[in-house]
1. Kindly check whether there is at least one residue in the range 298-314 that is within 28 Å of Ala99 (Cβ to Cβ) and crowded, with 20+ Cβ neighbours inside 10 Å.
2. If a residue has to be crowded, with 18+ Cβ neighbours inside 10 Å, among the aliphatic types (A, V, I, L, M) and either modelled with pLDDT of 75 or more or away from the ligand (no atom under 16 Å from the Cβ) (or both) to count, how many in the range 34-61 make the cut?
3. So which residues in the range 279-292 are in a helix (DSSP H, G or I) and within 16 Å of the ligand (Cβ to nearest atom)?
4. Could you please let me know if Lys116 is surrounded by fewer than 24 Cβ atoms within 10 Å (Cβ to Cβ), at pLDDT 95 or above and not in a helix (DSSP H, G or I)?
5. Which ones in the range 413-439 are in a loop (DSSP other than H, G, I, E, B), without any contact (Cβ under 8 Å) to a residue 40 or more places away in the chain and buried (at least 18 other Cβ atoms within 10 Å of the Cβ)?
6. What residue, of Gln316, Gln299, is within 20 Å of the chain's Cα centre (by Cα), within 25 Å of Ser426 (Cα to Cα) and among the polar types (S, T, N, Q)?
7. What single numbered condition from (1) more than 16 Å from the ligand (Cβ to nearest atom); (2) surrounded by fewer than 19 Cβ atoms within 10 Å (Cβ to Cβ); (3) at pLDDT below 90 fails to hold for Gln87?
Amino acid sequence: TMTNNDASEKPRLIIASNRLPLSITENDGKYEATASSGGLVSALRGLGAASYLWLGWPGMEIKEEDRDPVNIALAKENAAAVYLDDQLAQNHYNGFSNAILWPILHYQSGVIMNPKAWEAYQTVNEIFADRISEEATEGDLIWVHDYHLLLLPSLLRSRLQAKKKKCPIGFFLHTPFPVDDFWRGLPVQEDLLRGILGSDIIGFHTDEYMKNFEGACEILLGTGTGTAEHHISHEDRTIKLGRYAVGIDHTRFTDALDDPAIQSRIQELGALYKGKAVIIGVDRMDYTKGLPEKLRGFQAFLGEHSEWSEKVVLIQIAIPSREEVKEYKELEEEVSKLAGQIIGKHATPHSTPLLYIHRSVSFAELVALYSISNACLLASRRDGMNLVASEYAACQQDRHGVLVLSEFTGAASFLKHGSILFNPASASGVSNAIHQALTMGREERKAKYEELRDFITSHTRCVSY
Ligand code: ADQ
């Protein structure tokens, strides 16, 4: 969808995202690059072979005099840094992106505008626009990612025009886009829409998000509908909207399953949990992921089905995330408290129905856990897509484990038949869904699993390139 017909060679791709897929760590004045985690990084890993340059913030302030060695290390990885001082980066990333935009995009809470954070958000988007417009050469494809850079497409468009460089701009939103009436709660909603509309093509995970965006532009900016379906006409241009559901590189997981070390870990964990139904949960510690809802539902399940209390174990991995934001600290306390209550009430000296891991785990351990689990329980309040659902499916193969999935994930719109869908707001609904998963017959599990397999093998890229 983002091909350049005039060029005989594949154009270069410039990717812009808030964070680089590498992060820089400092040790005694020496800088090192280490791989960072998260859904966006996982989604883009498959692009390794194309000619590309990835621009983003390295995750920390780096003094002028230290930038040369950092630039060299990054260039080897097809990456380049957009340098920001700490205060600015903090106000842009936590102050506006995570504290204001993230909740509104996920239908959470009312908005309390923070003018200083908004100022920083605009400044950072401008710094990205300056940097990319210098870097770009005629014909490059520019691909902007996610909610931290909503103003970038239009800022970039005007700078490129001034420099007489023609480069198509694509934008992809990894989060949901809410209905216009909710989005309206943000006092700078129109500026942000105009920012995104600087793109030539705008991608979303699902039809719902795309339609919500289209509706917001029409109602708030009075844009036209363009010549064809899902085209917007704005300032003498036509912008294409599209649904490009993000998938995973499933072979990365199936290859890992053949690794002898992972195989032996699978045997080991299998023996450890012999005779038990294992339910796995892997989520960033984020209120959008519905961890309290999941634990309350599991608590209800144990209360209603005491016959399962020594025969089931929920292994919940909560990856630490955004710990500087107040809501995330509060969430962590709530989740720890609920986990403690469940263990306190149901554990015996030889068994516990809940293992709560509030740390990051290695890829090998993740694959082994996905593989041995009879079910995967994901209870997001809202989730752009949810890649864990696909990763679990990739690691199950002929085990035919059951995916128990919140209906508020993007993934749910593709996996109605491949999973058990539920509304996480209802503890008894979660409990019923768990019970249904644990008691499902072999034939039904197989039929559902085939749907999951079809999805993961046909959704392997973010945007086709
Ligand atoms: P996230 O909210 O981060 O992504 P998700 O889609 O679940 O959510 O992806 C998380 C990723 O982190 C998975 O690929 C998972 O394997 C990986 N991960 C898990 N444990 C890890 C660990 N210990 N270390 C490193 N990585 C780990 C956002 C949106 C989602 C959307 C994605 C992609 O919120 O809705 O699906 O982007 O668009």
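The values are calculated or read from the model by the stated rules, or taken from the named source; none is laboratory data. Every value quoted in this text rests on a predicted model; they were computed, and no experiment measured them. Virtual Cβ from ideal backbone geometry, glycine too; neighbours counted across all protein chains shown.
1. No, the range 298-314 has no match at all.
2. 2
3. Here is the first cut: in the range 279-292, the ones in a helix (DSSP H, G or I) are 287-289, 291-292.
Those that are in a helix (DSSP H, G or I) and within 16 Å of the ligand (Cβ to nearest atom): Tyr287, Thr288, Lys289, Leu291.
4. For Lys116, the condition - surrounded by fewer than 24 Cβ atoms within 10 Å (Cβ to Cβ), at pLDDT 95 or above and not in a helix (DSSP H, G or I) - is not met.
5. Selection gives Gly418, Ser419.
6. Gln316
7. (3)
Residue by residue, here is whether (1) in contact (Cβ under 8 Å) with a residue 40 or more places away in the chain; (2) within 16 Å of the ligand (Cβ to nearest atom) holds:
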position	(1), (2)
Glu324	yes, no
Glu330	no, no
Leu366	yes, yes
Leu378	yes, yes
Val388	yes, yes
Asp398	no, no
